[in-house]
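See below for the structure under consideration.
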Amino acid sequence: MNMTTDTSARGPLEGLKVLDLTIAMAGPMCSQRMGEMGAEIIKIEAPGGGDFSRHAPMAGVTKFGDSTCYVTLNRNKKSLVLNLKSDEGRELLYDLVRQADVVVQNFRPRVAGKLGISYETLSEINPRLVYGSISGYGEEGPMKDRPGQDLLLQSFTGLTMNGGRAGDLPAPSPLYMVDVTASHMLCEGILAALVARGVTGRGQQVGVTMMGAIMEMQCQEITSYVEAESPPQRGETPQVSIYQEPPYGVYVCADKTYFAIAQADLAALGDTLGLPELAELKAKRPSQSDGAAVAKWRDEIYEIVSAKLKEAKADHWDALLSEQGFWCIVVNNYGAFLKHPQSQRYVTKMTHPVGGEYTAIAPGIHFSDDPDPALFPAPSYGADSRAVLASFGLAAADIDRLIADGVVLAENAAK
């Protein structure tokens, strides 16, 4: 992957200007993806510190001056610090909107309206504008003002009760899976709106909620829950998902190695492992109308498979079962996974002006016309304020005055 200090982008979205008013993860990941595809992303931050993710280190890693969260979600962007609470700052944003293609924001409901930067306002200024927004629960309903945070959305929508053991704590994902999915959905929606604009000449608003994103992720489970005679229940063994038939799960093998088995025919698995009782249990599956009996049946199968797999290391079972066509794999930690040759095409090295060289994840979308996209690191706070405003046609003297008046903040503004 090509790492460069040149902030001129190329790719299928080259020539598009995106005003990025997002913070945290879902919004910044969406705009970063468009930047990796060649769009010019101008991250507009507020005075007083900007995106709070700059100051929220993950696992205490602080080598970059900003947090790793910020660094990994804001590459291929330029930073403009602009006071949108001032009349002049808001008017300056309107000037940028006239030349922009996309605006992305993830304010809480009604905040954009209070700032005077709602879709209704900005589309009057630029009817071709595509306006993308992410919120936690949407603009209406009793939850609309609650914080749209990943763990809270997982907990609220029922996902955390879909695995684990009865009596144990709910089992949330350790990843910000709701943010990631919402970011993908908004990016897809924005790209679709840009295609439509090419036909109609008009922009439009694209809205995504994090709750909608996690519900879409659970579409199979929710429909199965509603239609089941008796909904699935958590049992006494550690289930990855109560909606998957056994032996679906993760198992402890010899020497504390771990092994995952996905969907597998119980009779065939029993033949391979020397466990004929699995075929008998397959034939004795309880009726779906008796959720407690199904949970007990699932536990019995898990215990049988678990006891067998403890006889050897995970590598042994992987070789045996994968050769027979079973869906299975050794469970890795990051150290093992990042050494595996399969991971290497998705790993790249970048250079940060403060932290030096670091490992990052390469873009996951490949374009034949641009197989080696240029990547540049996340911008320092206000690093590009002068250059961005100059690129929109403001004179140097006007930029100096805006900085002196506190409407704009620029890194090293006194120089």
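The values are calculated or read from the model by the stated rules, or taken from the named source; none is laboratory data. For clarity, every value in this text was computed on a predicted model and none was experimentally measured. Reconstructed Cβ throughout: ideal geometry from the backbone, glycine too, with neighbour counts over all protein chains shown.
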| query | Can you tell me which residue in the stretch 329-355 is surrounded by the fewest Cβ atoms within 10 Å (Cβ to Cβ), limited to those that are small (Gly, Ala, Ser) and free of Cβ contacts under 8 Å to residues at least 24 places away in the same chain? | reply | Gly335
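Let's see how each residue does on (1) assigned by TED's automatic domain parsing to the domain that holds Arg33; (2) touching a residue at least 40 places away in the same chain (Cβ under 8 Å); (3) over 17 Å from the mean Cα position of the chain (by Cα):
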site	(1), (2), (3)
Gly189	yes, yes, no
Ala196	yes, no, yes
Val206	yes, yes, yes
Tyr243	no, yes, yes
Pro247	no, yes, yes
| When you scan the stretch 310-415 for strands (runs of 3 or more DSSP E) that lie fully inside it, which ones turn up with 3 or more residues that are closer than 30 Å to Tyr251 by Cα? | 328-330
| query | Of (1) over 24 Å from Val180 (Cβ atoms); (2) at pLDDT below 95; (3) hydroxyl-bearing (Ser, Thr, Tyr), Ser86 satisfies all except one. Which? | reply | (2)
| said: Looking for something closer than 17 Å to Val208 by Cβ, surrounded by fewer than 18 Cβ atoms within 10 Å (Cβ to Cβ) and of a type outside the set (Asp, Glu) - is there at least one such residue anywhere in the stretch 178-188? | reply: yes
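Each row is one residue, and each column tells you yes or no for (1) more than 30 Å from Lys284 (Cα to Cα); (2) in contact with a strand residue (DSSP E or B) (Cβ under 6 Å, 6 or more places away or on another chain); (3) assigned by TED's automatic domain parsing to the domain that holds Leu275; (4) among the hydrophobic types (A, V, I, L, M, F, W, C).
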site: Ala314; (1), (2), (3), (4): no, yes, yes, yes
site: Leu320; (1), (2), (3), (4): no, no, yes, yes
site: Phe337; (1), (2), (3), (4): yes, no, no, yes
site: Arg386; (1), (2), (3), (4): yes, no, no, no
site: Ala396; (1), (2), (3), (4): yes, no, no, yes
| task | Would you confirm whether any residue within the stretch 148-163 is crowded, with 20+ Cβ neighbours inside 10 Å, aliphatic (A, V, I, L, M) and part of a loop (DSSP other than H, G, I, E, B)? | result | no
| request: Any residue in the stretch 26-54 that's assigned to a loop (DSSP other than H, G, I, E, B) and surrounded by fewer than 24 Cβ atoms within 10 Å (Cβ to Cβ): show its pairings with residues that are small (Gly, Ala, Ser) and modelled with pLDDT under 95 at Cβ separation under 9 Å, as long as the two are six or more apart or on different chains. | output: Met37/Ala9; Met37/Gly11; Gly38/Ala9; Gly38/Gly11; Gly38/Ala374
| message | I'd like the residue in the stretch 275-308 that is farther than 19 Å from Pro231 by Cα and in contact with a Ser or Thr (Cβ under 7 Å, 6 or more places away or on another chain) and, out of all such residues, is surrounded by the most Cβ atoms within 10 Å (Cβ to Cβ). | response | Tyr302
| remark: Selection from the stretch 220-259 of residues in contact with a Lys or Arg (Cβ under 7 Å, 6 or more places away or on another chain), in a loop (DSSP other than H, G, I, E, B) and not small (Gly, Ala, Ser) yields Arg234, Glu236, Thr237, Pro238, Ile242, Pro246, Cys253, Thr257
| Unmet requirement for Arg202, which otherwise passes all of (1) of a type outside the set (Val, Ile, Thr); (2) assigned by TED's automatic domain parsing to the domain that holds Arg108; (3) outside any loop (DSSP other than H, G, I, E, B) | (3)
| message | Name the residue that is farthest from the chain's Cα centre (by Cα), counting only residues in the stretch 140-151 that are more than 11 Å from Phe107 (Cα to Cα) and touching a residue at least 60 places away in the same chain (Cβ under 8 Å). | response | Met143
| field | Residue that is farthest from Leu389 (Cα to Cα) [pool: residues in the stretch 66-88 that are more than 23 Å from the chain's Cα centre (by Cα) and touching a residue at least 40 places away in the same chain (Cβ under 8 Å)] | value | Ser86
| task | Output the residue which, of all residues in the stretch 400-415 that are in contact with a strand residue (DSSP E or B) (Cβ under 9 Å, 6 or more places away or on another chain) and either acidic (Asp, Glu) or buried (at least 20 other Cβ atoms within 10 Å of the Cβ) (or both), is modelled with the lowest pLDDT. | result | Glu411
| Going through the stretch 76-94 one residue at a time, which ones are assigned to a helix (DSSP H, G or I) and touching a helix residue (DSSP H, G or I) at 6+ places or on another chain (Cβ under 9 Å)? | Glu88, Gly89, Arg90, Leu92, Leu93, Tyr94
| message | Quick check on Gly364: is it within 24 Å of the chain's Cα centre (by Cα), exposed (fewer than 11 other Cβ atoms within 10 Å of the Cβ) and in the same structural domain as Thr62 (by TED's automatic domain parsing)? | response | yes
